[in-house]
1. How high is the FRET efficiency between residue 122 and residue 99 when r is their beta carbon distance and R₀ equals 22 Å, given to the nearest 0.05?
2. By counting other Cβ atoms within 10 Å of each Cβ, how are 136, 92, 82, 55 ranked from fewest to most?
3. Could you please rank 45, 110, 39, placing first whichever residue has the fewest other Cβ atoms within 10 Å of its Cβ?
4. As a test of the formula, what do you get for the chain when each DSSP H run with n ≥ 4 contributes -39,500 (n - 2.57) and the sum is divided by the residue count, at 222 nm and rounded to the nearest 500 deg cm²/dmol?
5. Quick check on packing: order 97-109, 3-15 by the mean number of other C-beta atoms within 10 Å, highest mean leading.
6. At 0.36 nm per residue, and after removing the present C-alpha to C-alpha distance, how many nm does the segment from residue 28 to residue 134 gain when stretched out fully?
7. Tell me, what does the Kirkwood hydrodynamic radius of region 3-76 come to in angstroms if you use every pair of distinct C-alpha atoms?
8. Could you tell me how many degrees, from 0 to 90 and to the nearest 10, lie between the Cα long axis of helix 47-64 and the main elongation axis, the longest principal axis, of the Cα atoms of the chain?
């Protein structure tokens with residue numbers, strides 16, 4: 001089946017697990033196909049949650065024959081250095097310290113909330129998410 005069909009089913013499973021889909025890639029690595037799924041949630045996603053959603057995704061893929069043949073499924077949380085840019089990134093990173101770069105400034109602050117395209121930080125800054133040139137979780 002097509003990448004979009006796999007994405008649709010994975011999105012549904014992740015949402016039912018009360019997690020956010022950060023990224024999904026279905027790609028060829030040598031002779032093997034790999035389905036890599038990154039999930040997270042506000043706070044942090046745990047190992048048990050990754051394992052649970054992995055089982056649900058594997059069951060759906062095998063039952064519906066979504067990938068068509070042998071594949072490796074990798075389900076994990078995104079790393080700290082990963083670029084942030086999507087609405088799901090902003091939602092899941094509430095309460096985390098971020099490094100932000102806009103055209104006018106660079107700063108490190110804890111993201112308090114995200115709503116209607118606006119990022120609100122603990123230090124009082126409010127930034128339009130569309131003006132962010134780069135962002136990642138700070139160590």
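1. Numbers: r = 14 Å, r/R0 = 0.65.
It comes out at approximately 0.95.
2. Working: 136 19, 92 26, 82 16, 55 13.
Taking fewest neighbouring Cβ atoms as first place, the list is 55, 82, 136, 92.
3. On the way: 45 23, 110 14, 39 26.
Starting with the residue having the fewest Cβ neighbours, the order is 110, 45, 39.
4. Numbers: 3 runs with 38 residues, N = 139.
Counting only the DSSP helices, I get -8500 deg cm²/dmol.
5. Numbers: 97-109: 13.8, 3-15: 16.0.
Top to bottom by mean Cβ count within 10 Å: 3-15, 97-109.
6. Values: separation 106, 0.36 × 106 = 38.16 nm, distance 2.89 nm.
Difference between extended and current length: 35.3 nm.
7. Working: mean 1/r = 0.0809 Å⁻¹.
Final number for the Kirkwood radius of region 3-76 is 12.4 Å.
8. On a 0 to 90 degree scale, this one is about 40.
No value in this document is a laboratory result; all are computed from the given coordinates. Just so it is clear, the model here is predicted, and its values are computed rather than measured. Cβ: placed from backbone, ideal geometry, glycine included. Neighbour counts: every protein chain shown.
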